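The next block holds one structure in the form of structure tokens; read it before the comments.
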Amino acid sequence: MNTFMWTSPFTAAHVTTLYKLGVAVLPPIAKRLACGDAGVGAMAEPASIAEATRALLQTTQVSCAWFIMLYRKCALLLQTCGAR
């Protein structure tokens, strides 16, 4: 994703819908993007994703969290579960 896509009103509407559905969203970060631009739109660093996952599993009643990650134009559906 690039900054133009992230700041699009359509993306904002979709992200708002996800929040309303109770989905935890880890927003993109700012850095040099694959398209060559610099700005917000890059996937969060793996360590940040792992920490957010741990925090979500520790502070909610869910035992598993599902993630949709976009990687190289492919959508990956990932599940992570924590011990209870």
Screening Ala65, Ala13, Ala24 for residues that are small (Gly, Ala, Ser), out of contact with any helix residue (DSSP H, G or I) (no Cβ under 7 Å at 6 or more places or on another chain) and either at pLDDT 85 or above or not in a helix (DSSP H, G or I) (or both) leaves only Ala13
Exception for Thr53 within (1) surrounded by fewer than 13 Cβ atoms within 10 Å (Cβ to Cβ); (2) assigned to a helix (DSSP H, G or I) falls at (1)
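Please verify whether Thr11 is free of Cβ contacts under 8 Å to residues at least 12 places away in the same chain, surrounded by 11 or more Cβ atoms within 10 Å (Cβ to Cβ) and under 27 Å from Thr59 (Cβ atoms), treating the condition exactly as stated. Spell out how you get there, then give the answer.
Values: free of Cβ contacts under 8 Å to residues at least 12 places away in the same chain: yes; surrounded by 11 or more Cβ atoms within 10 Å (Cβ to Cβ): yes; under 27 Å from Thr59 (Cβ atoms): yes.
Yes.
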Picked from the stretch 32-50 (must be surrounded by 12 or more Cβ atoms within 10 Å (Cβ to Cβ) and at positive phi), the residue modelled with the lowest pLDDT is Gly41
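The values are calculated or read from the model by the stated rules, or taken from the named source; none is laboratory data. Keep in mind that this is a model prediction, so the values were computed, not measured. Neighbour counts are summed over all protein chains in view; Cβ atoms, including those assigned to glycine, are modelled from backbone coordinates with ideal geometry.
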